[in-house]
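Visitor: If you scroll down you'll find the structure; I have some questions about it.
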Amino acid sequence: MAPTDRPPATGTQSQQRAQQRQYASKPSRSQAATPASEAADMRLEFQQQQQPGNRTISAPTSPAKTRDSILQRVQSLTDAAKEKASSISNDIKYAAATRRQQRVSKDRLLTLLVVDDENFEWSRYFRGKRFFGDFEIHVEQADIKDLTVTASAERGCTVSMAVISPSGSRVVRSFRPDFFLCRQSVRDASKDYRNVLLGLNIGGVPSINSLHSLYNFQDKPWVYGQLVQLQKKLGKENFPLIEQTFYPSSGEMSVATQLPVVLKVGHAHGGVGKIKVENNSDFQDMTSIVSVASTYCTTEPFVDSKYDLHLTKIGPHYRALMRKSVSGNWKSCVGSAMLEETEVLERYKFWLDAVAELFGGLDILSLEVVVSKDGIEQIIGVNDSALSLLGNQQEEDRKHIFDLIMERLETQVLVNMGLQAVTQTQEEEPPAIPARRDSLVSESSVTSSHQSSQPVKANLSRQGSIVSAAVPVPVQQNKGQLDDTEDTMKNLRKTFAGIFGEM
């Protein structure tokens, strides 16, 4: 038999060979898939997906690029946070510096509140100025629309004002004013800030002009009524006031008494709310306008003027300016005008001095006088401390206002020092009477000791404690001490009377 020849397999052998082939086709446990093999399969599958022919899935972002974009975003957020923190830090430093400035020498630092526009800085006049050696003046200036005043009778008033910080943000600063200068109109055609005056008045803040006079100037017909009483007192020849008619509402505006007239609607400044009415038809048309405005109006005869006079009085200083319209407008305050300083005649001083006595006294005022082509002068209005400074002498006028404020502040400080000294003197008690350490003498026992030198009997003091008995009080010694106290009070009164009498 050949070596390759095998005997034919039986049925049993054939079945065994088939089972061996089936077992050989199944993987053993040792040949099972490992994590490394699975990872290799996933990489293979990922590479197949990145082939150009496969466009179903886009290529993922590179890890390096992703890390750079995240770093850039973090850097930008960090820069923005630093900038915001720097801005907040500057605001905090600005507010802290302001508070430190208010705390430094608080008893020797006076705060002056100036209401004026931002075109002029009043602090440059007061910077570095002192009086009585160590009293300084700090100026707070703002537009009246940016002020809020809260006040009480016990704590005084607190002013809050909106200012721009060095970082450009808008912050609110609060302070307590010691003096007030008003250089803006408190009330006009479209605004009314009389609540500022109300708060300052409750807080008892002194001002130029006085708060009483400023409040009385917030209705022009009210001021005109005071001028009418002044004319009756001085006479029409000595105080030539223009004639004016008052209408409380449009319902009473039937027919104008004389034409042409100048109609003024409500309380306004700078030529606002004024119109020239030449006939009754125009006057009736203006009636409907006044009804929409829901306010009063006044009329006065139209004067074909040659020029206007602007008379001012600041403290003891007088000035007269002649104003001629160049643009041809019947309102000399509107359009172009030529200003010329003229002589202050005695009658001008007389008018200013007479008006300066209104409302308890006006430190700063101006009169508006219209001069007709016939040379007739008529007073048409008066302005308070919010007057407009005109001409080439505005700087000199502001210095006069500065001198006036300094004088008032010095007087105020002197009065406060005098009141404090008198109060402290009155509060001082007589020297204590020597007594035993275990005894107390009531006020009633001291009073009875002046009437009799007998030992003091037991009594109840204000606290209800029992006063020990028999404390001899030398009568002559107490009389001498009281005489010394009275002499001291007399000397103090004479000293303060001399100081205040020289002002």
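The values are calculated or read from the model by the stated rules, or taken from the named source; none is laboratory data. Model, not experiment: these values are computed from the prediction. For neighbour counting, all protein chains shown are included, and Cβ atoms are generated from backbone atoms with ideal geometry for every residue, glycine included. Accessible surface is based on the protein model in full, side chains and every heavy atom, while ligands, DNA and RNA are left aside. Shrake-Rupley method; radii C 1.70, N 1.55, O 1.52, S 1.80 Å.
Visitor: Could you work out the relative contact order of region 317-389, using alpha carbon pairs under 8 angstrom and six or more residues apart, expressed as a whole percent?
Guide: Values: 82 pairs, mean separation 14.5, N = 73.
Relative contact order here is 20 percent.
Visitor: Where the centroid of each part is defined by its Cα atoms, how far is region 202-216 from region 342-419 in Å?
Guide: 16
Visitor: Also, I was wondering about something else. Using only Cα atoms, figure out Rg for region 152-242 and give it as a multiple of 2.2 N^0.38 Å. The partial results should precede the final answer.
Guide: Values: Rg = 18.1 Å, N = 91, 2.2 N^0.38 = 12.2 Å.
Here the answer is 1.49, to two decimals.
Visitor: How much accessible area does residue 415 have with a 1.4 Å probe, in Å² rounded to the nearest 10?
Guide: Solvent-accessible area, nearest 10 Å²: 60 Å².
Visitor: Work out Dmax and Rg for region 302-386 from the C-alpha atoms and quote the Rg first, both in angstrom.
Guide: 13.0, 40
Visitor: Given a 1.4 Å probe and the protein chains all in place, what does the accessible area of residue 252 round to, in Å² to the nearest 10?
Guide: 100
Visitor: Under a 1.4 angstrom probe, counting protein chains only, how are 326, 413, 171 ranked by accessible area, largest first?
Guide: Numbers: 326 100, 413 10, 171 40 Å².
Greatest to least solvent exposure: 326, 171, 413.
Visitor: Over every pair of different alpha-carbon atoms in region 340-422, take the mean of 1/r and invert it; report that Kirkwood radius in Å.
Guide: Numbers: mean 1/r = 0.0646 Å⁻¹.
Evaluated on region 340-422, it is 15.5 Å.
Visitor: Which of the residue pairs 145/313; 145/274; 220/264; 276/331 have a Cα-Cα distance greater than 20 Å in the structure shown?
Guide: 145/313; 145/274
Visitor: Would you work out which of 189, 214, 177 lies farthest towards the positive end of the dipole of region 162-230, given +1 charges on the beta-carbon of Lys and Arg and -1 on that of Asp and Glu, about the Cα centre?
Guide: The residue sitting most towards the positive pole is 177.
Visitor: I would also like to ask the following. How would 346, 368 rank on accessible area, largest to smallest, probe 1.4 Å?
Guide: On the way: 346 135, 368 35 Å².
Greatest to least solvent exposure: 346, 368.
Visitor: To the nearest 20 debye, what is the magnitude of the charge dipole of region 330-401 about its Cα centre, counting +1 on the Cβ of each Lys and Arg and -1 on the Cβ of each Asp and Glu?
Guide: On the way: 6 positive and 14 negative charges, 46 e Å.
For region 330-401, the charge dipole is close to 220 debye.
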